[in-house]
1. With respect to GLU403, is the statement that it is among the charged types (D, E, K, R), at pLDDT 95 or above and closer than 29 Å to ASP21 by Cβ true?
2. Sort out which residues of region 16-50 are surrounded by fewer than 24 Cβ atoms within 10 Å (Cβ to Cβ) and either among the acidic types (Asp, Glu) or within 9 Å of ligand 2 (Cβ to nearest atom) (or both), and write them in order of number.
3. Please determine whether any residue of region 135-150 is modelled with pLDDT under 95 and of a type outside the set (S, T, N, Q).
4. Is region 319-329 home to any residue that is within 16 Å of ligand 3 (Cβ to nearest atom) and more than 18 Å from PHE364 (Cβ to Cβ)?
5. Of the conditions (1) in contact with a Lys or Arg (Cβ under 6 Å, 6 or more places away or on another chain); (2) part of a loop (DSSP other than H, G, I, E, B), LYS63 clears all except one; give me its number.
6. Those residues that are of a type in the set (S, T, N, Q) and within 16 Å of ligand 1 (Cβ to nearest atom), I need them from region 28-81; list them, please.
7. Can you say whether ARG96 is away from ligand 3 (no atom under 16 Å from the Cβ), part of a helix (DSSP H, G or I) and surrounded by fewer than 23 Cβ atoms within 10 Å (Cβ to Cβ), as far as the supplied structure shows?
8. Condition test on LYS210, is it under 30 Å from ALA429 (Cβ atoms) and open to solvent by 20 Å² or more (accessible area, probe 1.4 Å)?
Amino acid sequence: MANVGVVGVQWGDEGKGKIIDYLSGFADIIVRFQGGANAGHTIVIGDKKVILHLIPSGILREKTYCIIGNGVVMDPEVLEKEIEELKGLGYLQDDRRLMISGYTHVIMPYHKKLDALKESRSAKKIGTTGRGIGPAYEDRVSRMGIRVVDLIDRKVFREKLKANLEIKNFLIRRYYKDEPLMIRDILKKFEPYRKMLKRHVTDSTSFLHKAMAKKKKILFEGAQGTFLDIDHGTYPYVTSSNTIAGNISAGAGVPPSAVDYILGICKTYTTRVGEGPFPTELPGPEGELMRKIGDEYGATTGRPRRCGWFDAVLVRRAVKLSGINGLSLMKLDVLDSFDTIKICTHYKIGKRLYEEPPMALQDFYRCEPQYEEMPGWKTSIKDARRLEDLPEQTLRYIRRIEELVGVPAAIVSTGPDRESTIILTNPFA
Ligand code: GDP
Ligand code: IMO
Ligand code: MG
């Protein structure tokens, strides 16, 4: 396949970073198409661990081009830090490999301030990452946003910033009764960012179309997960962008036909950070054990992730929404010590059984998960390198997930590092 899209099929943190890094070994270009520094994508190579928030997870490969697409909301402060960190670790020596679309919207200090104020003053918190994501996307939609192409032009930037600050400061001062932001402080802070971004700004649509004409292999990197999608997730407990594969086209500037294969990244249990419904959540000791074994703490905020059993109702829906061709089943090793393993096949609300997630939020909270129970394998699988190395019970668990969600496993992951990866179908093959 020429081009592959990678999306999360649950509530994020499925292990996208690991698999994107792995598949980048077969790709020429990696493009992030949505989200911002709310993402935390972890890559483990030997004893090195790198967490990327903005820069595509293909950047650790020596020859790949990495693009921050127009669908992303980009915080230059985070970007600068991330570039420095990568260089400090010996990566990204040739930083022309990193490109940013001129259409990408910029996260401004007032976006972060408003995100924090809204969360701290609201009775119903979303539990955002505090990275300014919602307010930045609001500005994009209301046509107030500042894009990279605007920022690198000193005059345009000043004008747009002035118009924005008038409104934001009104809100900050009058509604939130907080300290306003000063234009001169922002201009000063952003002067070096202007210079940095000038180095990386590209017409990425044109770049990608030329690359496609030359049959280069492109990997589209999703952030967050299907049930954090602004339309299809557990609204309002979602992020502010479309996270499903349909957004690859708009967020990268390629036609839908440019994507040949969609890989869904899927934990073999379920986690969620932040507020919102979670039918299969295990609030007791079993969930705590999963958190401990799986090291389930947010890669961006360090918050403990809520943990629970695999939910086939959700993944089945995600498969349909994104047209998933194959799944990458992640973190199977975390289930090594469980006597039995449960899979939620349906929800029950009152007396009715549901095969699909309910539409109303209040119904989501009322869902009683209907479980099937399977025997655990009670042995370590971290050294498995082929499917045949896995115990019979593990294989049965994989087969049952495939049956319930209607797509085959393409990859099985049994550890955080590159080596602990069993490839059944290479999406680029
Ligand atoms: P992402 O946001 O989807 O990229 O996922 P995160 O990086 O936020 O969280 C996934 C976590 O699981 C990271 O700490 C990974 O290093 C780790 N991980 C990925 N795959 C595996 C696996 O198969 N087994 C284990 N034990 N850890 C894994
Ligand atoms: P990756 O790419 C998990 C969650 C937040 C919050 C909600 C809205 O690492 O999988 P936001 O800051 O986006 O306005 O917060 O979305 N969230 C994530 N949860 N993984 C992520 O990204 C997330 N990005 C945002 O916790 O519930
Ligand atoms: Mg993450």
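1. no
2. ASP28, GLY40, THR42, ASP47
3. Residues of region 135-150 modelled with pLDDT under 95: none.
Within region 135-150 (the criterion being modelled with pLDDT under 95 and of a type outside the set (S, T, N, Q)), the answer is no, since none of the residues qualifies.
4. yes
5. (1)
6. GLN34, ASN38, THR42, SER57
7. Answer is yes for this residue.
8. It is true that LYS210 is under 30 Å from ALA429 (Cβ atoms) and open to solvent by 20 Å² or more (accessible area, probe 1.4 Å).
The values are calculated or read from the model by the stated rules, or taken from the named source; none is laboratory data. Just so you know, these numbers come straight off a predicted model, no measurement behind them. Cβ sites come from the backbone with ideal geometry, for glycine too, and all protein chains shown count toward neighbours. Ligands, DNA and RNA are stripped out before the accessible areas are found, and what is left, the full protein with its side chains, is counted by its heavy atoms. Shrake-Rupley method; radii C 1.70, N 1.55, O 1.52, S 1.80 Å.
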